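Peer 1: Below is one structure. I have some questions about it.
Every number in this text was worked out from the coordinates using simple rules, so none of it is lab data. Small disclaimer: the values here were computed from a predicted structure and weren't measured. Neighbour counts are summed over all protein chains in view; Cβ atoms, including those assigned to glycine, are modelled from backbone coordinates with ideal geometry.
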């Protein structure tokens, strides 16, 4: 597994690594200003587990607040991403490993994920570069 380089000190959890099946729930802020909960289709679960970065681009910029995961082995949801305003309260390591500069610049520019010093620390040169894992030079 690739090592995460986290120069900005994000709080991480490691919930998704052990599962191949499960379902996701998104909590987002709608245009009217209140929060809404949306359960993803169960058929989308394997896609999200295979490519965790796609979780972070599921909603318009600024709308997504929380992502929760429920494995097929349990009946409770675990928080794998949470933010309050600009602060990222926690993020799963699988999501962090797969995040590219382009996804952050497009969807998360107004949060602490967007950090030029972090990009420099991992040798990110393009939008396709990984943002929290060392890129080959």
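Peer 1: For residue 66, indicate whether it is surrounded by 11 or more Cβ atoms within 10 Å (Cβ to Cβ) and over 17 Å from residue 132 (Cβ atoms).
Peer 2: Details: surrounded by 11 or more Cβ atoms within 10 Å (Cβ to Cβ): yes; over 17 Å from residue 132 (Cβ atoms): yes.
So residue 66 passes the test.
Peer 1: Exactly one of (1) within 18 Å of residue 3 (Cβ to Cβ); (2) part of a loop (DSSP other than H, G, I, E, B); (3) out of contact with any helix residue (DSSP H, G or I) (no Cβ under 9 Å at 6 or more places or on another chain) is unmet by residue 124. Its number?
Peer 2: With respect to (1) within 18 Å of residue 3 (Cβ to Cβ); (2) part of a loop (DSSP other than H, G, I, E, B); (3) out of contact with any helix residue (DSSP H, G or I) (no Cβ under 9 Å at 6 or more places or on another chain), residue 124 is out only on (3).
Peer 1: It is to be established whether one or more residues within the stretch 31-42 are in a helix (DSSP H, G or I) and either under 21 Å from residue 4 (Cβ atoms) or touching a strand residue (DSSP E or B) at 6+ places or on another chain (Cβ under 6 Å) (or both).
Peer 2: Quick first cut of the stretch 31-42, residues in a helix (DSSP H, G or I) only: 42.
This time we only want the ones that are either under 21 Å from residue 4 (Cβ atoms) or touching a strand residue (DSSP E or B) at 6+ places or on another chain (Cβ under 6 Å) (or both), so: 42.
Yes, the stretch 31-42 contains at least one residue that is in a helix (DSSP H, G or I) and either under 21 Å from residue 4 (Cβ atoms) or touching a strand residue (DSSP E or B) at 6+ places or on another chain (Cβ under 6 Å) (or both).
Peer 1: Now, a different point. Can you pull out every residue in the stretch 79-109 that is surrounded by fewer than 16 Cβ atoms within 10 Å (Cβ to Cβ) and in contact with a strand residue (DSSP E or B) (Cβ under 7 Å, 6 or more places away or on another chain)?
Peer 2: Matches in the stretch 79-109: 89, 90.
Peer 1: Does any residue of the stretch 99-110 turn out to be in contact (Cβ under 8 Å) with a residue 24 or more places away in the chain and assigned to a strand (DSSP E or B)? Quick ask: steps written out before the conclusion?
Peer 2: Filtering the stretch 99-110 for residues in contact (Cβ under 8 Å) with a residue 24 or more places away in the chain gives 99-104, 106-110.
From what is left, the residues that are assigned to a strand (DSSP E or B) are 100.
Yes; the residues of the stretch 99-110 include at least one that is in contact (Cβ under 8 Å) with a residue 24 or more places away in the chain and assigned to a strand (DSSP E or B).
Peer 1: On to the next question. Just to be sure, is residue 32 farther than 21 Å from residue 113 by Cβ, surrounded by fewer than 18 Cβ atoms within 10 Å (Cβ to Cβ) and either free of Cβ contacts under 8 Å to residues at least 40 places away in the same chain or touching a helix residue (DSSP H, G or I) at 6+ places or on another chain (Cβ under 9 Å) (or both)? Lay out the reasoning, then the answer.
Peer 2: Values: farther than 21 Å from residue 113 by Cβ: yes; surrounded by fewer than 18 Cβ atoms within 10 Å (Cβ to Cβ): yes; either free of Cβ contacts under 8 Å to residues at least 40 places away in the same chain or touching a helix residue (DSSP H, G or I) at 6+ places or on another chain (Cβ under 9 Å) (or both): yes.
The answer is yes for residue 32.
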